[in-house]
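A.B. asks: One structure, pasted below without further comment.
The values are calculated or read from the model by the stated rules, or taken from the named source; none is laboratory data. Keep in mind the model is a prediction, meaning the values are calculated, not measured. Here the Cβ is made from the backbone with ideal geometry for all residues, glycine too, and neighbour counts use every protein chain on show. Each accessible area value is taken on the protein alone, full model and side chains, heavy atoms only, with ligands, DNA and RNA left out. Shrake-Rupley method; radii C 1.70, N 1.55, O 1.52, S 1.80 Å.
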Amino acid sequence: MHIGLLPLDERPANTRDPAMIAAIAGARLHIPPAARLSARRRPANCATLINWLDTVAPQLDALIVSCEMLGYGGLIAARTSDEPASAIIARLDWLRTLRTRFPGLPILGFNVITRVSNADDSIEEPEYWASYGTRLYRFAQLLDQRGQGLAIDAELATLEANIPTAHQHDFLQRRLRNHSVNLAVLHLLAAGVFDTLVLSSDDTSPYGLPSREKRWLQEWAQLLGFGNDLAASPGAQPLAQPRLLMYPGADEVGSALVARLLNAQAGVAPWFAATYAPPHAAANVAAYEDGPIRLTLERQVHAVGGRMIEQGDAADIWLAVNAPLARRSEWLPEFAAAERTSRWDELQTLANAIAARQARGQPVAVLDVAYPNGADPAFSELLFAQAALPELAAYGAWNTAGNTIGTALAQASVARLIAGASGRAAHERFLLHRLLEDWGYQHLVRAELRAWLRATHATAEPDAATLPAALAFIEERLNTLIGQLPGFAGRYRITPSSVRLPWGRTFEVDFVPEAAH
């Protein structure tokens, strides 16, 4: 199968991961050359992307399109550019021409309800975010709460007095523009240009302008007849595979839609069943999300073309979910002692269940979403002691719950389509990559690297002078950590000089595992 992908941006999660997942099933993913994609704050030239799509379309069995990339030139451009909605919508409307030329080509689209970052950091935002980011985040929450009738006028007035009027207007005008684009994308679905559309929520929360805009879009979806697709209540099942999906996520959507296409081509709709540790935490809301984790999981299952069932023994894939904690924060060393008393027994039970189901031959995917941005060390210790790691259908623990779940479900479902030694090798490489990145780098190495940089260079992030040493540090540590992974130790190493920091910061990493010689 030949699948075209116009990714959300150039980061490995949006390019490398979907390609590795396609390789598991023996499919080929066509992505524009790196020079045609965005480069951090530099947007892609959208005209060259249209030319690429025009050229590659005749070779494709299906196409996945990020509306951020085609319309704005990438994810960051969607947050920072000054182009009017009319220019962005005009680029997206070119897809109508593509649909006319290739009426039988499946076209899957995805777009993001723009986040409101809760940090005084402008790396991915307009420049004024460096001074007013946390205040604008609270501003967005209060506007939504006021719209829902909550008594917050006094706090809102105080906050407004502490944010320059020009920044408030720019912030709201950008959101209005991007909401207009989301409405236009929904219209493309209604017009039959898209066969499937994902409107995901990037770094959202129960209150805020993103949640408010999501509700507006859901109302239009109901009016346009996509109400059954949304399946608003937990546990509800659509009558058929939904054409519209709305859920928390962003960087995993390309991988999920690749899996959806591969499952559809194979004529399968895998059944998933989930067990949560602790069970009541299925109702918890993960950090950066706006609804219970159970609902996030069900939406992500629908995205890959599967369905949820209650009977674990009847499932094609059993999901072991280390559920989000109520504290909604990243893991900190001071949590370690408490976890030994408050959560250890529940995590031990989950690890035992994983080993038991593997022993019976049932595919198991591990979704470690207790904390954002890295694995839970307590669960990791038990998992590595109990489970046959190379036999897992998937493992995920890397970023937000939606990112983690969507990527892991994509791998787990496509792992059922493996045919031949190359597919098995591709599956194991991606599994090792996730273990090394999610547990090894995100939880351990990143903190160690930042501490080393602070101690030696008085900064937590590398610059041009320190980058080579930082990359060597990462490569050495990851090679050491491979030796701590049962079933992988001694069989793999990091390809020398393959480590890179795609955006020059420690948050994202890329590397290539290879067979040890």
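A.B. asks: Every residue in the stretch 249-264 that is in a loop (DSSP other than H, G, I, E, B) and either among the charged types (D, E, K, R) or open to solvent by 10 Å² or more (accessible area, probe 1.4 Å) (or both), please.
C.D. replies: D251, E252, listed by residue number.
A.B. asks: What is the one condition in (1) over 25 Å from M308 (Cβ atoms); (2) open to solvent by less than 40 Å² (accessible area, probe 1.4 Å); (3) part of a loop (DSSP other than H, G, I, E, B) that N399 does not satisfy?
C.D. replies: (1)
A.B. asks: Going through D316, D290 one at a time, which residue ends up being acidic (D, E) and at pLDDT 95 or above?
C.D. replies: Just a single option satisfies the conditions, and that option is D316.
A.B. asks: Anything in the stretch 180-211 that is within 21 Å of the chain's Cα centre (by Cα), part of a helix (DSSP H, G or I) and not aliphatic (A, V, I, L, M)? List them, or say none.
C.D. replies: N182, P210, S211
A.B. asks: Now for a separate question. With the structure loaded, tell me whether A355 is crowded, with 24+ Cβ neighbours inside 10 Å and not polar (S, T, N, Q) or whether it fails that test.
C.D. replies: Here the answer is no, as A355 does not meet what is asked.
A.B. asks: Hey, another quick one. Among the residues of the stretch 121-147, which ones are of a type in the set (S, T, N, Q) and free of Cβ contacts under 8 Å to residues at least 24 places away in the same chain?
C.D. replies: Those that are of a type in the set (S, T, N, Q) and free of Cβ contacts under 8 Å to residues at least 24 places away in the same chain: S122, S131, T134.
A.B. asks: Which residues, counting only those in the stretch 143-183, are of a type in the set (D, E) and under 24 Å from S200 (Cα atoms)?
C.D. replies: Listed by number, the residues that qualify are D144, D170.
A.B. asks: Here's another thing I want to ask about it. Of these, L63, L98, which one is under 26 Å from N263 (Cβ atoms) and in contact with a strand residue (DSSP E or B) (Cβ under 6 Å, 6 or more places away or on another chain)?
C.D. replies: L63
A.B. asks: Check whether at least one residue in the stretch 405-413 is aliphatic (A, V, I, L, M), assigned to a helix (DSSP H, G or I), open to solvent by 20 Å² or more (accessible area, probe 1.4 Å) and touching a residue at least 24 places away in the same chain (Cβ under 8 Å), and report yes or no.
C.D. replies: No; the residues of the stretch 405-413 include none that is aliphatic (A, V, I, L, M), assigned to a helix (DSSP H, G or I), open to solvent by 20 Å² or more (accessible area, probe 1.4 Å) and touching a residue at least 24 places away in the same chain (Cβ under 8 Å).
A.B. asks: Also, I was wondering about something else. Look through the stretch 507-517, keep the residues that are part of a loop (DSSP other than H, G, I, E, B) and open to solvent by 30 Å² or more (accessible area, probe 1.4 Å), and return whichever of them is modelled with the lowest pLDDT.
C.D. replies: Across the stretch 507-517, the extreme among qualifying residues is H517.
A.B. asks: Could you say whether any residue in the stretch 189-199 is under 25 Å from Y288 (Cβ atoms) and open to solvent by 20 Å² or more (accessible area, probe 1.4 Å)?
C.D. replies: Within the stretch 189-199, not a single residue is under 25 Å from Y288 (Cβ atoms) and open to solvent by 20 Å² or more (accessible area, probe 1.4 Å).
A.B. asks: Give me the residue from the stretch 467-498 that is farther than 13 Å from L432 by Cα and open to solvent by less than 10 Å² (accessible area, probe 1.4 Å) and, out of that set, farthest from the chain's Cα centre (by Cα).
C.D. replies: A470
A.B. asks: Look at the stretch 244-288 and say how many of its residues are over 24 Å from L60 (Cβ atoms), hydroxyl-bearing (S, T, Y) and in contact with a Pro (Cβ under 7 Å, 6 or more places away or on another chain).
C.D. replies: 1
A.B. asks: Return only the number of the condition from (1) assigned to a helix (DSSP H, G or I); (2) open to solvent by 10 Å² or more (accessible area, probe 1.4 Å); (3) within 18 Å of A256 (Cα to Cα) that S422 does not satisfy.
C.D. replies: Going through the list (1) assigned to a helix (DSSP H, G or I); (2) open to solvent by 10 Å² or more (accessible area, probe 1.4 Å); (3) within 18 Å of A256 (Cα to Cα), S422 breaks only (3).
A.B. asks: Right, another one. Which of the residues belonging to the stretch 186-204 are among the hydrophobic types (A, V, I, L, M, F, W, C) and touching a residue at least 60 places away in the same chain (Cβ under 8 Å)?
C.D. replies: The answer is L188, L189, A191, V193, F194, L197, V198, L199.
A.B. asks: If you don't mind, there's one more thing I want to ask. Is it fair to say R450 is closer than 19 Å to R434 by Cβ, open to solvent by 40 Å² or more (accessible area, probe 1.4 Å) and charged (D, E, K, R)?
C.D. replies: Judged against the criteria, R450 is not a match.
A.B. asks: Also, I was wondering about something else. Any residue at all in the stretch 128-139 that is out of contact with any Phe, Trp or Tyr (no Cβ under 6 Å at 6 or more places or on another chain), closer than 30 Å to A90 by Cβ and of a type in the set (S, T, Y)?
C.D. replies: Yes, that holds for at least one residue.
A.B. asks: Give the residues of the stretch 358-371 that are of a type in the set (S, T, N, Q) and either farther than 15 Å from L389 by Cβ or buried (at least 24 other Cβ atoms within 10 Å of the Cβ) (or both), sorted by residue number.
C.D. replies: If the condition is that a residue be of a type in the set (S, T, N, Q) and either farther than 15 Å from L389 by Cβ or buried (at least 24 other Cβ atoms within 10 Å of the Cβ) (or both), then Q362 is the only one that fits.
A.B. asks: Are there strands (runs of 3 or more DSSP E) fully within the stretch 1-112 with at least 2 residues that are open to solvent by less than 10 Å² (accessible area, probe 1.4 Å)? List them.
C.D. replies: In the stretch 1-112, the matching strands (runs of 3 or more DSSP E) lie at 2-6, 62-66.
A.B. asks: Could you go through the stretch 446-464 and let me know if any residue there is among the polar types (S, T, N, Q) and over 30 Å from V301 (Cα atoms).
C.D. replies: Yes - at least one qualifying residue is present in the stretch 446-464.
A.B. asks: What residue, of A130, A157, A151, A190, is small (G, A, S) and in contact with a Leu (Cβ under 8 Å, 6 or more places away or on another chain)?
C.D. replies: A190
A.B. asks: So which residues in the stretch 348-374 are touching a residue at least 24 places away in the same chain (Cβ under 8 Å), more than 20 Å from H427 (Cα to Cα) and either outside any helix (DSSP H, G or I) or not hydroxyl-bearing (S, T, Y) (or both)?
C.D. replies: Of everything in the stretch 348-374, those that are touching a residue at least 24 places away in the same chain (Cβ under 8 Å), more than 20 Å from H427 (Cα to Cα) and either outside any helix (DSSP H, G or I) or not hydroxyl-bearing (S, T, Y) (or both) turn out to be Q348, L350, A351, N352, A353, V369, A370, Y371, P372, N373, G374.
A.B. asks: Which condition number does G504 fail, the rest of (1) touching a Pro at 6+ places or on another chain (Cβ under 8 Å); (2) at pLDDT 95 or above; (3) not aromatic (F, W, Y) being met?
C.D. replies: Only one criterion is unmet by G504, namely (2).
A.B. asks: If the Cβ limit is 7 Å and pairs must be 6+ apart or interchain, which residue in the stretch 168-185 that is among the small types (G, A, S) pairs with which residue that is open to solvent by less than 20 Å² (accessible area, probe 1.4 Å)?
C.D. replies: The qualifying pairs are A184/L92.
A.B. asks: Return the total of residues in the stretch 119-166 being more than 25 Å from S329 (Cα to Cα), open to solvent by less than 60 Å² (accessible area, probe 1.4 Å) and not in a loop (DSSP other than H, G, I, E, B).
C.D. replies: Of the residues in that region, 3 qualify.
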